[in-house]
Amino acid sequence: MSKRGIAILVAVIAVLAVGGVVALSNRGDSTKSSSSTSSTRSSDTDTSMDTMDTSTQPTPAPSTTQSQGNAVAIQDFAFSPATLTVKKGTTVTWTNKDSASHTVTSDDDATGEKLDSKVLGNGDSYSMTFTATGTYGYHCALHPNMTAKVIVTE
């Protein structure tokens, strides 16, 4: 193997090691919160990560903080906040801040309004205006262990 090949191999191993340390340091850290803008970009995202085995991904404890904001971050294989309370007529925007692709998909559509985003790549957003009160449970169709809900009040 050439010196260049060895250097590349060492660099790849270093990147993987750092990624593992970062993933472990974020495990269970539910104190992070973030806000996002509602900009949406068009994406022809490579969805090769969509079928990744999530059993090896850390599952952070979801935030149960209720918020009066209207932004949900998709980050560290979780929706944050995991419970969002908004007034009827509010538009909620989900923004993917993960390197993996995700969706925002209704658990069921019993309320008559259905969350149904396209596959969202890093930086992509999805918005929905809630016109009826109720509790809207949702998940990521690609990573079903990612769950959350929006509670809409009068």
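Count charges around VAL86 for me, please; just the other residues with Cβ under 15 Å from its Cβ, Lys/Arg as +1, Asp/Glu as -1.
My count for the surroundings of VAL86 gives +1.
Roughly speaking, what is the stretch gain from ASP116 to ILE151, that is 0.36 nm per residue apart minus the C-alpha to C-alpha distance, in nm to one decimal?
10.9 nm
Please list, in order along segment 117-132, the HN-Hα scalar couplings obtained from phi with the Karplus expression 6.51 cos²θ - 1.76 cosθ + 1.60 (θ = phi - 60°), rounded to whole Hz, x for Gly and Pro.
For segment 117-132, the Karplus-derived couplings read 7, 6, 5, 9, x, 4, x, 6, 10, 9, 10, 8, 9, 8, 10, 10 Hz, x marking Gly and Pro.
Roughly how much of SER125 is accessible, in Å² to the nearest 10, using a 1.4 Å probe?
10 Å²
If you add up the charges near THR105, with Lys and Arg at +1 and Asp and Glu at -1, over every other residue whose beta carbon is less than 9 angstrom from its beta carbon, what do you get?
In short, -1.
The values are calculated or read from the model by the stated rules, or taken from the named source; none is laboratory data. Computed from a prediction, not measured in an experiment: that's the story for all the values here. As a convention, Cβ positions derive from the backbone with ideal geometry for all residues, glycine included, and neighbour counts pool all protein chains shown. Side chains are part of the model used for accessible areas, which takes the heavy atoms of the whole protein and leaves out ligands, DNA and RNA. Shrake-Rupley method; radii C 1.70, N 1.55, O 1.52, S 1.80 Å.
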